[in-house]
């Protein structure tokens, strides 16, 4: 899996001792999660919580990686825990994004600052473009071009009424993605562990973009799996980041107040 392969790649880098790198602060917000590690690095991810908080008394959890017991634990402990939940998956991506933020700065990747990845592709060539996730700003931008647009989504109501004509049920991904020339995938698929199947369905020659607040992971493994461009996030004000996340911020709030967009390009393409 891409998540585990990326963690293994980070483990192989000698500058990181993941037993000593600690989770210092975590905020699970309504839409986003933010984490700060003991080296000062910060990361974000879209919050996924599939747990039912109204548990029976016998099922109440006060163990590791439960409220009050996230901070102070090591990155290695997080990735070795057998505990399964949407919040654990969310935290893993946020932590990988925090670690990756330092690696991306120093590893010599080809980076374009202050650009959205959709601005790097030709939207007026009549190509078939598939969005995995209801990127409403992208739908608006692409819908006025001559591109053939499809939006793969679990919930049709995630699309505004005027754009519902582009909706395709998410389970049809194995039909739609191979028939696409450009595929734009939300970083949320890293959190909910669906990205592997999506990338497997991509045909050779397709331009693939992974983007969003969860997509800041070190890009090597994604580049090895057909991804051309990563739309990542550079946090420059951690204090504001945690304030925003605690107040139910979405990704666009980060770019307004405390972060900038960067594009990481696969130089082999």
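The values are calculated or read from the model by the stated rules, or taken from the named source; none is laboratory data. Because the structure is a prediction, the values reported are computed rather than measured. Methodologically, a virtual Cβ is constructed for each residue, glycine included, from the backbone with ideal geometry; neighbour enumeration extends over all protein chains shown.
What about residue 256, is it out of contact with any helix residue (DSSP H, G or I) (no Cβ under 7 Å at 6 or more places or on another chain), at pLDDT 95 or above and not assigned by TED's automatic domain parsing to the domain that holds residue 97? Quick ask: steps written out before the conclusion?
Working: out of contact with any helix residue (DSSP H, G or I) (no Cβ under 7 Å at 6 or more places or on another chain): yes; at pLDDT 95 or above: yes; not assigned by TED's automatic domain parsing to the domain that holds residue 97: yes.
So residue 256 passes the test.
Got a sec? Which of 130, 145 is part of a strand (DSSP E or B) and outside the structural domain of residue 12 (by TED's automatic domain parsing)? Step through it out loud before you land on a result.
Numbers: 145 fails: part of a strand (DSSP E or B).
130 is the lone residue from the list that is part of a strand (DSSP E or B) and outside the structural domain of residue 12 (by TED's automatic domain parsing).
Please go through region 192-232 and pick out each residue that is touching a helix residue (DSSP H, G or I) at 6+ places or on another chain (Cβ under 7 Å) and free of Cβ contacts under 8 Å to residues at least 12 places away in the same chain.
Of everything in region 192-232, nothing turns out to be touching a helix residue (DSSP H, G or I) at 6+ places or on another chain (Cβ under 7 Å) and free of Cβ contacts under 8 Å to residues at least 12 places away in the same chain.
Name the one entry in 46, 74, 101, 66 that is exposed (fewer than 15 other Cβ atoms within 10 Å of the Cβ) and outside the structural domain of residue 232 (by TED's automatic domain parsing).
On the way: 46 fails: exposed (fewer than 15 other Cβ atoms within 10 Å of the Cβ); 74 fails: exposed (fewer than 15 other Cβ atoms within 10 Å of the Cβ); 101 fails: exposed (fewer than 15 other Cβ atoms within 10 Å of the Cβ).
Result of the check over 46, 74, 101, 66: 66.
Can you pull out the residues in region 181-197 that are surrounded by 13 or more Cβ atoms within 10 Å (Cβ to Cβ), within 21 Å of the chain's Cα centre (by Cα) and more than 24 Å from residue 250 (Cα to Cα)? Reasoning before the result, please.
Here is the first cut: in region 181-197, the residues surrounded by 13 or more Cβ atoms within 10 Å (Cβ to Cβ) are 181-196.
Filter once more, so that each one left must be within 21 Å of the chain's Cα centre (by Cα): 182-196.
Result: 182, 196.
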